Amino acid sequence: MYFKLNIEAGNDALKFRSESGLVKFFLEGENLEKLVDDFFASFNFPQNSLQRKTFLDKKCNELTYFSPFGEPSVIFLNKVKVDKDFSADYFRNVFAGLISDLKHKKINSLNIIVPSFSHFPGHFESDEYMIQTIIEGIHLGNYSFDKFKSDKNKNQDLKIVIHYSNRELTKNVIDKTNKIMNSVYFTRDLVNEPANNLTPEEFARKTKSELSKAGLKVNIMNKKELQKRKMNAILSVGGASVHDPLMMVISYKPKNAKKKIALVGKGVTYDSGGLSIKPTSSMMEMKADMAGGAAVVGILKAAAMLNLPVELTGIVPCVENMVNGSSYKPGDVIVSSSGKTIEVKDTDAEGRIILADALHYASQQKPDEIIDFATLTGAVVVALGEIIAGLFTKNDELADRIINSGNKTFERVWRMPFFQDYNSMIKSEIADVANLGPRWGGAITAGKFLENFVDEKIPWAHLDIAGPAIKHKCNNYTEKYDTGFPIRMMVDYLLNT
Ligand code: BES
Ligand code: MG
Ligand code: ZN
């Protein structure tokens with residue numbers, strides 16, 4: 001289940017009801033005893049001496065305090081240490097954990113007392129952003145994908161009141177964050193949807209229906225249209241599925257645009273590997289091989305909801321990589337829409353092939369920059385682990401802006417080497433480029449393959465999100481369901497463009 005959330009900005013007066021909760025943070029350090037006592041005294045709440053002692057103990061970081069008779073019914077006390085281990089993800093993680101725990105408690109409202117911004121020097125860009133991380137955590141912890149479970153609880157209402165000295169600021173940040181997280185939810189729903197439901201056609205239908213509500217134009221190029229445009233790369237990879245390939249082109253054109261950016265996302269709704277077939281264990285996660293495309297959809301939705309002043313074109317080639325009599329084969333040569341030819345050495349390196357046509361199309365739109373997102377290689381996960389995306393670009397300025405937004409939002413990226421030398425590793429004897437390099441450096445050669453299809457005059461960055469977009473152990477909000485990475489990061493990026 002998830003809560004139907006109603007988040008509002010409170011004033012200073014705390015109002016309690018039964019079945020309500022209260023969240024309070026204390027900074028580790030001097031005066032803790034007095035601060036805790038004053039806090040309980042301030043609303044006449046009886047303090048239990050054993051629990052007081054437990055919370056004051058050095059090793060204790062948090063305490064859940066149930067009231068036998070007073071109100072609120074439950075108090076969540078947190079002790080914060082702002083030391084070298086403190087990270088800007090602290091509140092996001094705490095609230096994601098808390099909200100998901102609340103699903104098992106009988107609570108229908110929650111007061112949150114935001115600690116003073118001055119306690120966290122250097123960790124948050126502003127108090128506004130600090131509060132944003134709290135609200136993000138709430139939504140992230142609230143997310144669930146249980147539509148296929150017969151035995152689930154009914155969704156309940158939960159009112160959350162955020163108490164901070166600046167009420168107007170709090171109201172604005174609630175509104176902004178709700179919009180961002182609404183887009184993250186939409187993307188997560190798309191990525192988590194099993195591939196038997198989310199075919200290319202269904203991906204496009206859901207996108208069009210949701211995004212047109214936000215005022216966006218979604219153009220769906222069907223198989224015929226792809227044939228007319230000689231997009232043989234997409235057609236070859238999608239040729240063995242009963243579900244036809246297609247390409248979505250989403251446009252967002254605000255009046256006050258300063259810049260035009262093309263966002264390209266890999267939309268493989270299922271990656272069986274094709275004839276170079278994967279083992280079952282590797283197939284399990286491959287319903288999420290359209291996470292890059294779903295991220296593009298979510299970023300466009302957020303941009304429209306927030307009225308961001310950048311023109312955006314979202315380009316999402318969608319295919320199902322399957323096996324039948326018309327499968328593309330190792331040894332085939334594909335003439336892509338750019339005219340460049342591709343020797344197929346492995347049909348499981350399919351993402352880069354469909355992106356060839358999509359990146360060429362993006363270049364033809366003559367944007368100021370191109371950024372692509374793809375669950376492209378297992379190799380990037382070997383290199384960086386599951387929590388960070390690989391960033392590949394020759395453009396330092398573009399890299400810095402992406403890295404900054406990543407660090408700020410905790411949707412982090414790491415810049416990988418992208419030297420010319422790697423190009424020789426994907427040379428083909430019979431075509432312009434091969435879709436497979438040697439065993440080592442597989443994430444980099446994949447990126448180098450893509451480079452062939454981007455107009456070299458246009459600044460371009462490639463993000464390999466195979467790790468962080470798919471569920472993984474890291475935070476309270478990444479473990480259960482595919483994550484919606486990197487929408488929060490890209491919204492920040494676009495706000496600073
Ligand atoms: N979709 C996969 C990459 C992937 C792996 C994404 C694990 C998420 C988690 C991609 O299409 C693929 O199969 N890549 C191959 C490339 C190889 C054939 C060069 C891989 O990583 O093994
Ligand atoms: Mg593959
Ligand atoms: Zn794939």
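Taken together, the values in this text are just the output of simple stated rules run on the coordinates, not laboratory data. All figures in this text were calculated on a predicted structure; none of them were measured in a lab. When we count neighbours, we look across all protein chains shown, and the Cβ atoms used for this are built from the backbone with ideal geometry, even at glycine.
Per-structure values
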read-out: Cα gyration tensor shape for region 348-497, rounded if a/c is under 1.5, else prolate or oblate; value: oblate
read-out: Cross-link partners of LYS179 among lysines (Cα-Cα below 16 Å; sequence separation of 8 or more within a chain); value: LYS4, LYS171, LYS213, LYS301
read-out: Proxy reagent accessibility, fewest Cβ within 10 Å first, across TRP460, TRP440, TRP414; value: TRP440, TRP414, TRP460
read-out: Between helix 351-364 and the chain: long-axis angle, C-alpha atoms, 0 to 90°, nearest 10; value: 90
read-out: Efficiency of FRET from Cβ geometry, ALA41 and LYS258, R₀ 51 Å, rounded to 0.05; value: 0.45
read-out: Cβ-Cβ FRET estimate between GLU386 and ASN48, R0 fixed at 41 Å, reported to 0.05; value: 0.50
read-out: Region 64-103: trypsin sites (Lys or Arg not before Pro) falling in loop per DSSP and having at most 11 other Cβ within 10 Å; value: LYS84
read-out: Full-extension gain in nm, ARG415 to THR280, via 0.36 nm per residue minus C-alpha separation; value: 45.5 nm
read-out: Mean separation of Cα contacts under 8 Å, 6 or more apart, over the residue count of the chain: relative contact order %; value: 15
read-out: Reachable lysines from LYS58, criterion Cα separation under 22 angstrom, eight or more residues apart if same chain; value: LYS24, LYS34, LYS79, LYS81, LYS84
read-out: Hits among lysines - C-alpha to C-alpha of LYS340 under 23 Å, sequence gap 8 or more where chains match; value: LYS223, LYS224, LYS228, LYS230, LYS266, LYS329, LYS366, LYS394, LYS427, LYS448, LYS457
read-out: Size of charge dipole - region 254-305 - debye, nearest 20, with Cβ of Lys, Arg +1 and Asp, Glu -1, no other charges; value: 500
read-out: Theoretical FRET efficiency, 1/(1+(r/R0)^6), r = Cβ-Cβ of THR497 and TRP440, R0 45 Å, to 0.05; value: 0.80
read-out: Charge dipole (region 198-495, unit charges on Cβ, about Cα centre) - positive-most of LEU216, HIS243, LEU398; value: LEU216
read-out: Potential lengthening between GLN227 and LYS34 on full extension [0.36 nm per residue; Cα-Cα distance subtracted]; value: 62.1 nm
read-out: Between helix 442-451 and the chain: long-axis angle, C-alpha atoms, 0 to 90°, nearest 10; value: 60
read-out: Rounded to the nearest 20 debye, dipole of region 281-354 from Cβ charges on Lys, Arg, Asp, Glu; value: 140
read-out: Angle in degrees between helix 90-102 and the longest Cα principal axis of the chain, rounded to the nearest 10; value: 80
read-out: Net dipole in debye of the chain [+1 Lys, Arg Cβ; -1 Asp, Glu Cβ; about Cα centre; nearest 20]; value: 1000
read-out: Where labels lie 7 Å past Cα in the beta-carbon direction, separation of GLU397 and ASP455 in nm; value: 1.7
